[in-house]
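J.: Quick one: the structure is below, and I'll ask about it shortly.
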Amino acid sequence: MVELSNLTLQHGGQVVFIETGFKINPGEKVGLVGPNGSGKTTLFRLILGEERADEGSLDKPRRLTIGYFRQDFADWRDASVLAETIAGSGELGQLGDELVRLEHRLDDVDAPDYDQVIERYGEVQARFQEAGGYDVEARARAILAGLGFSQAEMDGRIGALSGGWRMRVQLGRLLLARPELLLLDEPTNYLDIESIVWLESWLKDYPGTVLMTCHDRDVMNRVVRKILEIDGGKIRTYPGDYDAYERARELDRAQREAEFEKQRAMLAKELRFIERFRGQPSKSSQVQSRAKKIDKIERIEPPRRLVERSFQFKKPDRSGNDVLKLSGVSKSYGGRTVHRKVDLLVRRGERWAIMGENGAGKTTLLKMMAGALDPDSGTVSIGAAVNAGYFAQHQMEQLDSTRSVLEELEANFPRAGQSVLRNLAGAFGFSGDDVDKPILVLSGGEKARLALARMLFEAPNLLVLDEPTNHLDLSTKAALVRALSDWEGTLVFVSHDRAFLRALANRVVELGPEGPRVYEGSYDAYVLTTGHEAPGLRAVE
């Protein structure tokens with residue numbers, strides 16, 4: 001379906017690809033991986049025709065339909081979510097819009113081109129019907145429901161939605177269009193677990209071809225059956241899911257390292273012989289022969305090592321046994337009660353995962369636990385010697401874009417020495433000149449790391465985290481999991497990342513109409529007990 005051969009591309013002085021390529025066959029589900037800046041977005045742009053290679057060829061069908069989900073969105077019309085989803089779904093949406101315009105013109109029977117309007121209406125109607133246009137609303141509603149929209153929200157205005165929910169609309173439009181090739185750039189970033197699981201199922205059943213980047217390990221394991229890895233300007237192909245790719249990559253690296261070391265030892269041996277006998281006439285022919293031999297040998301490049309990121313958390317002071325207690329806590333917004341007389345007790349060393357459907361009040365509960373929101377009634381009590389740290393998505397927005405990474409830390413901790421703050425930045429992946437990067441140019445993952453560094457500077461022994469893994473790539477998520485696993489404090493968090501939940505939770509709180517229900521044990525134990533990966537899946541399945 002799509003084949004790139006002998007691809008070479010350079011941006012300024014940076015070589016993005018060098019004499020490399022890949023092939024994607026019809027119906028394949030392919031994951032695209034590589035470090036930030038390795039060229040994943042550039043590869044999408046090449047396939048779309050938005051960018052051209054310096055050398056090499058791109059082969060794809062002339063009439064191939066391609067849909068591209070990217071991490072931005074255009075201005076929207078003042079329309080309902082449903083109408084915008086249908087209108088943006090490609091040819092089907094265009095045909096529907098044209099039908100509406102033609103129907104209005106059919107009222108003007110005296111128009112000089114009335115016969116042509118009737119003829120065109122028949123043509124468009126036939127094509128609309130053939131493409132499944134008359135059940136498009138039902139299909140659009142099913143897709144939007146899978147992405148987390150209620151029926152009322154589907155009929156509501158798109159202008160009332162947050163950026164994250166508009167991204168869901170963009171994804172819905174694309175899925176409704178059902179192009180032959182789907183290019184998906186981080187489609188799960190703004191989804192909850194229920195919607196992620198629904199999308200997994202949709203993609204697995206989709207007969208078309210998919211090429212996707214995704215920071216969710218479970219999605220990559222359940223959907224893709226081939227991995228394209230971009231590394232150092234080369235594209236390598238690995239069969240299987242993400243776990244199989246990691247195993248194969250490690251084996252590949254070990255083999256290449258062994259070949260490199262073997263060649264290096266051979267070359268060293270030959271060079272020693274040449275140096276030892278260079279001045280001896282009786283050995284001159286052997287010396288020349290060996291010199292010519294090593295000149296002709298193609299040198300094996302030392303294998304690139306994947307640098308594993310690591311976070312270093314300061315050891316927190318020990319808190320009392322009772323860390324956080326909620327007694328009769330209630331909270332309402334307008335006439336809607338979100339929490340009613342909630343009683344919870346969090347003890348030292350526990351790791352609580354808060355779960356619930358959209359609107360169940362997960363973020364509201366975390367805000368009250370962190371002291372960022374007062375309950376309408378009841379009390380939230382912090383235990384003895386508890387120092388809380390709170391991470392939420394809005395804290396990334398509060399970073400001052402006019403400052404550099406180091407300047408932001410200096411502004412927040414004016415009494416700390418620069419060496420201390422540089423060490424802090426380094427512990428969260430900002431080493432060397434990275435500390436001078438303007439916040440304005442940071443990626444979402446870099447901003448999340450900076451916000452985490454700022455929160456953890458004073459070594460809290462209670463962490464309240466609201467979706468801490470949003471925008472983090474797989475290696476950074478793994479580093480955060482390792483750091484939190486070794487950290488000795490108490491943790492309360494919300495996350496849509498099942499690998500994160502699986503690794504850290506030893507209590508699961510499920511929020512529902514009857515109030516919170518606490519499940520002792522891990523996330524896997526919760527799934528085994530309840531039979532679902534998240535509360536809302538009962539409504540979606």
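Any read-out appearing in this document is the output of simple, stated calculations on the displayed coordinates, not a laboratory observation. All of these numbers come straight from a predicted model, not from anything done at the bench. Ideal geometry is used to build each Cβ from the backbone, glycine not excepted, and the neighbour counts take in all protein chains shown.
J.: For the stretch 245-296, with equal point scatterers placed on the C-alpha atoms only and solvent neglected, what are the log10 I(q)/I(0) values from the Debye formula at q = 0.13, 0.24 1/Å, to two decimals?
T.: Result of the Debye calculation: -0.45, -0.84.
J.: Let me ask something else about it. For residue 134 and residue 262, what does the FRET efficiency come to when R0 = 45 Å and r is the distance between their Cβ atoms, rounded to the nearest 0.05?
T.: 0.10
J.: Need the C-alpha centroid separation for the stretch 1-53 versus the stretch 182-207, integer Å.
T.: 22
J.: Given (1) 216; (2) 135; (3) 179 as candidate values of volume of the Cα convex hull per residue in Å³, which corresponds to the one derived from the coordinates?
T.: (1)
J.: Could you calculate the FRET efficiency of residue 231 with residue 23 from 1/(1 + (r/R0)^6), where r is the beta carbon distance between them and R0 is 22 Å, rounded to 0.05?
T.: 0.75
J.: While we're looking at this one, here's another question. Would you report the distance distribution of C-alpha pairs in the stretch 1-158 as whole percents per 10 angstrom bin, up to the bin with the largest distance?
T.: 8, 25, 25, 23, 14, 4, 0
J.: Averaging sequence separations of C-alpha pairs under 8 Å and six or more residues apart, then dividing by the length of the stretch 322-540, give the relative contact order as a whole percent.
T.: In percent, rounded to a whole number, it is 27.
J.: Based on Cβ point charges of +1 for Lys and Arg and -1 for Asp and Glu, what charge dipole magnitude is obtained for the stretch 322-540 about its Cα centre, in debye rounded to the nearest 20?
T.: Here the stretch 322-540 has a charge dipole of around 500 debye.
J.: How high is the relative contact order of the stretch 245-324, in percent, counting Cα pairs under 8 Å that sit 6 or more residues apart?
T.: Taking the mean separation of contacting Cα pairs over the length of the stretch 245-324, I get 37 percent.
J.: Report the paramagnetic label zone for residue 120: residues of the stretch 86-100 whose backbone N is under 14 Å from a point 7 Å from Cα along the Cα-to-Cβ axis.
T.: Hits in the stretch 86-100 for residue 120 at 14 Å: 95-100.
J.: Can I ask one more? Straight-line reach from residue 226: which lysines have a Cα under 25 Å away, not including same-chain ones fewer than 8 places off?
T.: Answer for residue 226, where 25 Å is the Cα cut-off: 23, 29, 40, 60, 204, 234, 477, listed by chain and number.
J.: For residue 381 and residue 441 in one chain, what is 0.36 nm times their gap in residues minus the Cα-Cα distance, to one decimal in nm?
T.: Length difference between fully extended and current span is 17.6 nm.
J.: Averaging sequence separations of C-alpha pairs under 8 Å and six or more residues apart, then dividing by the length of the stretch 73-178, give the relative contact order as a whole percent. The partial results should precede the final answer.
T.: Details: 99 pairs, mean separation 52.1, N = 106.
Rounded, it is 49 percent for the stretch 73-178.
J.: Between residue 62 and residue 317, what length in nm is gained on full extension when 0.36 nm per residue of separation is reduced by their alpha carbon distance? Don't skip to the end; give the middle numbers.
T.: Working: separation 255, 0.36 × 255 = 91.80 nm, distance 6.42 nm.
Length difference between fully extended and current span is 85.4 nm.
J.: For the ranges 352-364, 397-409, what's the packing order if you count other beta-carbon atoms within 10 Å of each residue, average per peptide, and put the highest first?
T.: Taking the mean over residues of other Cβ atoms within 10 Å, the ranking is 352-364, 397-409.
J.: Roughly how big is the chain's charge dipole about its Cα centre, with Cβ charges of +1 (Lys, Arg) and -1 (Asp, Glu), in debye to the nearest 20?
T.: 3040
J.: Roughly what would the spin-label model give for residue 412 and residue 514, points 7 Å off Cα along C-beta, in nm?
T.: 4.1
J.: Same structure, new question: Sort the following peptides by mean Cβ neighbour count (other Cβ atoms within 10 Å, averaged over residues), highest first: 317-328, 176-187. Present the calculation step by step, with values, prior to reporting the outcome.
T.: On the way: 317-328: 16.8, 176-187: 20.6.
Order by mean packing, descending: 176-187, 317-328.
J.: Using 0.36 nm per residue, how much length does the chain from residue 3 to residue 397 gain when fully extended, once their Cα-Cα distance is taken away?
T.: Gain on stretching residue 3 to residue 397: 137.8 nm.
J.: Among 58-69, 198-209, what's the highest-first ranking by average C-beta atoms within 10 angstrom per residue?
T.: For the peptides 58-69, 198-209, the packing ranking is 198-209, 58-69.
J.: Return the FRET efficiency for the residue pair residue 291, residue 336: r is the Cβ-Cβ distance, R0 is 60 Å, and the value is rounded to the nearest 0.05.
T.: Efficiency at R0 = 60 Å is approximately 0.10.
J.: I need 428, 273, 313 ordered by Cβ neighbour count within 10 Å, fewest first.
T.: 273, 313, 428
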